[in-house]
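Okay, so here's the structure we're looking at.
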Amino acid sequence: MAADISSDMLRRARDRATQLGVADLMEFTEADVTDLPFQDNAFDLVLTFNGLHCIPDPRAAVFELARVLKPGGILRGSTCVRGRGWRQDRFVAALQAAGFFGITPRAGDVQRWLRAAGLEVLAARHSGSVELFEALRPSA
Ligand SMILES: C[S@@+](CC[C@H](N)C(=O)[O-])C[C@H]1O[C@@H](n2cnc3c(N)ncnc32)[C@H](O)[C@@H]1O
């Protein structure tokens, strides 16, 4: 299952999946990451790469991604963050002013939100202003 709010991005994803010969194995759904049309505990693995910094409420997105994760499931992803250096922060501010970025999380915010959503953070590291994270929904 692949979800994005943009039909154009979904078309591009479908084209790429077709090139790779995997489109028949996938579903593509137009959806807001803060209000996903999926049941609780639906997925073993949830991926969110390079998207949380683009939206107005990244905390709500993390809670929603955690909601759809099964017990024992893994949430893995990356986001641009603020607070990793003045050059990077100026770059983020410019992209926010241009409307490309939303409320970009501060370094460490995503880890706090993952824990608040009931997940266990397994890994978190930075590469410049990019934060990578992996978290587990503990089995009941
Ligand atoms: C920087 S792109 C990253 C795309 C892809 N994950 C990648 O790594 O190539 C950010 C994506 O977030 C999507 N997006 C923005 N706001 C969204 C929202 N509220 N819900 C779902 N997707 C959203 C955009 O349409 C865009 O495809």
Q. Any idea how many residues of segment 18-36 are within 29 Å of residue 93 (Cβ to Cβ), open to solvent by 30 Å² or more (accessible area, probe 1.4 Å) and of a type outside the set (Val, Ile, Thr)?
A. 2
**Q.** Search result, residues across segment 18-36 that are more than 13 Å from the ligand (Cβ to nearest atom) and either under 23 Å from residue 66 (Cβ atoms) or of a type in the set (Ser, Thr, Tyr) (or both)
**A.** 18, 26, 27
Q) Only one of these conditions is not met by residue 70: (1) within 16 Å of residue 136 (Cβ to Cβ); (2) under 12 Å from the mean Cα position of the chain (by Cα). Which number is it? A) (2)
**Q.** Selection within segment 37-64 - out of contact with any Leu (no Cβ under 8 Å at 6 or more places or on another chain), open to solvent by less than 90 Å² (accessible area, probe 1.4 Å) and within 12 Å of the ligand (Cβ to nearest atom)
**A.** 37, 51, 52, 53, 54, 55, 57, 60
Q) Looking at this structure, is residue 63 touching a Gly at 6+ places or on another chain (Cβ under 7 Å), closer than 28 Å to residue 140 by Cα and at pLDDT 95 or above? A) no
(Q) On the basis of being surrounded by fewer than 17 Cβ atoms within 10 Å (Cβ to Cβ) and either within 10 Å of the ligand (Cβ to nearest atom) or not in a strand (DSSP E or B) (or both), does residue 15 make the cut? (A) yes
Q: Could you list, in sequence order, all residues of segment 72-86 that are closer than 9 Å to residue 129 by Cβ and either among the aromatic types (Phe, Trp, Tyr) or free of Cβ contacts under 8 Å to residues at least 40 places away in the same chain (or both)?
A: 83
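Within segment 65-97, which residues are among the polar types (S, T, N, Q) and either part of a helix (DSSP H, G or I) or away from the ligand (no atom under 16 Å from the Cβ) (or both)?
88, 96, listed by residue number.
Only one of 50, 41 is touching a Lys or Arg at 6+ places or on another chain (Cβ under 6 Å) and either modelled with pLDDT under 95 or not charged (D, E, K, R) (or both); which? Explain how you work it out, then say what you get.
Numbers: 50 fails: touching a Lys or Arg at 6+ places or on another chain (Cβ under 6 Å).
Checking each option against the conditions leaves just 41.
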(Q) Which count do you get for residues in segment 94-115 that are free of Cβ contacts under 8 Å to residues at least 24 places away in the same chain, closer than 16 Å to residue 52 by Cβ, open to solvent by 50 Å² or more (accessible area, probe 1.4 Å) and not basic (Lys, Arg)? (A) 1
Q: Hey, can you tell me all the residues within segment 1-10 that are within 11 Å of the ligand (Cβ to nearest atom) and either open to solvent by 40 Å² or more (accessible area, probe 1.4 Å) or not in a loop (DSSP other than H, G, I, E, B) (or both)?
A: 2, 3, 4, 5, 7, 8, 9, 10
Q) If you take the residues of segment 117-139 that are more than 15 Å from residue 68 (Cα to Cα) and among the hydrophobic types (A, V, I, L, M, F, W, C), which of them is most open to solvent (accessible area, probe 1.4 Å)? A) 122
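The values are calculated or read from the model by the stated rules, or taken from the named source; none is laboratory data. Please read these numbers as outputs of a predicted model, since none were measured by experiment. FYI the Cβ positions are ideal-geometry reconstructions off the backbone, even for glycines, and counts take in every protein chain you see. Note: areas computed on protein heavy atoms with side chains; ligands, DNA, RNA excluded. Shrake-Rupley method; radii C 1.70, N 1.55, O 1.52, S 1.80 Å.
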